[in-house]
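What follows is calculated from the coordinates using simple rules that are stated; it is not laboratory data. Keep in mind it's a predicted model, so treat the numbers as computed, not measured. Here Cβ is always computed from backbone atoms with ideal geometry, including for glycine, and neighbour counts include all displayed protein chains.
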Amino acid sequence: MPRLAVTDGQVRFVNDTPEPATITPCPGIKLLINGTEISVPTPVKPADQIEVVPEVVKKDPTVSVRISKDGMQAYVEIQSGSITTYQLVDHFPTTDLKLEAAPHTVPYTAALDYAVLAAALSEAGVCHGIKQEVLQRIAASPGEGSFLVAEGTPPTSPVDEQVEIKFSLESTEGKPVIRPDGSVDFYEQQRFVSVDKDSVLAVKHKAIPGKPGKKVTGEEIPPRKPVTVTLQALQGARLSHDGNQVLAEVSGRPSYRKVKNNYLFEVLPVLQYDGDVNLQTGNIRFKGDVIIKGNVTEGMLVQATGKVEIKGTVTKATVKAGAHVVLHNNTVGSKIIAGGDQVYYERLVAPFNDLKNDLKASAKLIQQLVDTAQARNQSLTAGQAMMILIDKKYSRLPSLVKNIHQVVDQINQEHVTIPAPVQSVLETISGTFSSITECLKIQNLSKITEILQKVDAAQECINQLAKWKANITVPYTANSILEATGDVIVTGGGCYNTVMHVKGNVEISGIFRGGEIKAGGDIKIKEAGTELGIKTKLQTAFGRNISLQRAHKGLIIQIGNRSTQLDKSMRNVNAVYDREYDKIEVVGLKA
């Protein structure tokens, strides 16, 4: 029987006999018998011509575009092509030969046209953020892989609304103050924050919208909406007309809290401290009323723009209040001042008057100089005219401005709050008369008028403050100084070695022994002077009365600039100034 075999990729007969054998084709090989392709098992004889043609399968490279889920990236994904060839597998001789072909595949890479890549992107809808240099590099050096060829533009983040807190947020634990020379002042710990009335507590800064972005497909990406906040004014606070500022309605202790996107502000006009004022707390300075439930110890200071009330003792300390002082216990070796800031404000009265008078007079002359220049077809500004007057007639104007600043600096050193109208004058005159250049910027008299109006407002403010009468109420004092713009009322045992400067009345239900009282009103005391001859002096103004239930020999009484000294002890004493005889008349009973 004839047999067929496959050797080295060729089909051949092993036995050359006329009988036929059967051959079956396989995939990857084209089998031709006598020039005719067959696809089914076919008998063949040695005389037949058997031709085997291996197939070559070529797969071209593929180009696809992938867009990320968020639309912000586009990738060109290239898969290489291939060429597959087939070779017959050797087979032993058989009468029924079933051909078998083994594939052999090699990668196939072809050059990519830039236009093909661009077309693929366009077909996928990619039109924004295309990286041209990447496309050119892929076209020049094609290779399999995923290539980032386009990136979208992300939206810019907005600037959220912000709240700027304008008052100190220091911890209430308190920190000693470091002096300019590096030393530490343990008395000043800035423990309690306070603000003046009309102070700006917070400012809301408006949001800035973000800019939209764009996906690789050109679709717009809206930016995030900015976070908005709301300002709310609670007790002691108010909103500005535009709602973008919070201001203090009263002087006092500011605070705020944040609830979600709401900022809530309040100012409490009273600071209540339940313990002692000592080195642990530091000095207390507060813009408002202060209530101390404990003692004020040696070397300490309690200062308030409003009322001060102290439940405990005051020992070798200082208490200063813009309003009344009420002390519930003994005061020893201390200085108590009620309404004392008026003294500092009154220092500005004279320089403000001088400034006002000079500006009023110069304003008239400035107008005359300007009018004269215009009549001569010459140009002269109000600032130039002012410089002429300063040089010729009002040379003290710059020194007046300097003097006012010096007085204010001295007031600041006493930790006294400068009223807003006074501060406004300072800012205006500083900007106008600080240099020749600034002075020459005055174009017309409106600037001078503005300064005069502000000086008037400052003077009115000082006058109103001067009318405020602040009283001191205390049960007992020793070795102390009391100053009040109102009355002093001593409710307990009395006063020993005490000096009083009082614009109003003095009423002491106990003893005043040793020391001096200078009052602007009436003086009423249960017992004044001492049997031991310690100097004791009572002084008041003309037209005022001094009444004493008991007065000791040696007591000095002065009314106006007239004085007398008792040569004997008396009771039910009444002392007045006799204008007719220009002397003090003392009426009383023998003790």
Name the aspartates and glutamates eligible as straight-distance cross-link partners of Lys503: C-alpha to C-alpha under 17 Å, and not fewer than 8 places from it in the same chain. Asp341, Glu346, Glu483, Asp487, Glu516, Asp522
Quick one: work out the % antiparallel among DSSP beta bridges in the chain, nearest 5. 50 percent
Which of the lysines could a cross-linker bridge to Lys553, judged by Cα under 24 Å and excluding same-chain residues fewer than eight apart? Lys518, Lys524, Lys526, Lys535, Lys537, Lys568, Lys583, Lys590
Summed side-chain charge close to Arg238 - residues other than Arg238 whose Cβ falls under 13 Å, Lys, Arg +1, Asp, Glu -1: -3
Go through the stretch 473-547 and name the chymotrypsin sites (Phe, Trp or Tyr not before Pro) that are in a DSSP coil and have 12 or fewer other Cβ atoms within 10 Å of their Cβ. Phe542
Using a Förster distance of 56 Å, the FRET efficiency for Gln49-Glu133 (Cβ separation, nearest 0.05): 0.40
Treating only Lys and Arg (+1) and Asp and Glu (-1) as charged, each at its beta carbon, one finds that the chain has a dipole about its Cα centre, in Debye to the nearest 20, of 4020 debye
Exactly which trypsin sites (Lys or Arg not before Pro) in the stretch 204-287 are in a DSSP loop and have at most 16 other Cβ atoms within 10 Å? Lys206, Arg224, Lys260
Cut-off 12 Å between beta-carbons: net charge of the residues surrounding Ala457, Lys and Arg +1, Asp and Glu -1: -1
Report the label-to-label distance for Lys211 and Met387 in nanometres (one decimal), using points 7 Å from each Cα along the Cα→Cβ vector. 4.6 nm
For the stretch 203-284, which GluC sites (Glu not before Pro) are both in a DSSP coil and crowded by at most 15 other Cβ atoms within 10 Å? Glu219
Give me the number: length gained by fully extending Asp274 to Lys535, i.e. 0.36 nm times residue separation minus the C-alpha to C-alpha distance, one decimal in nm. 90.0 nm
In straight Cα distance, which lysines are under 28 Å from Lys131, not counting same-chain residues fewer than 8 positions off? Lys69, Lys211, Lys214, Lys215
Sticking with the crude label model, points 7 Å out along Cα→Cβ, report the distance from Gln367 to Ser157 in nm, one decimal please. 6.0 nm
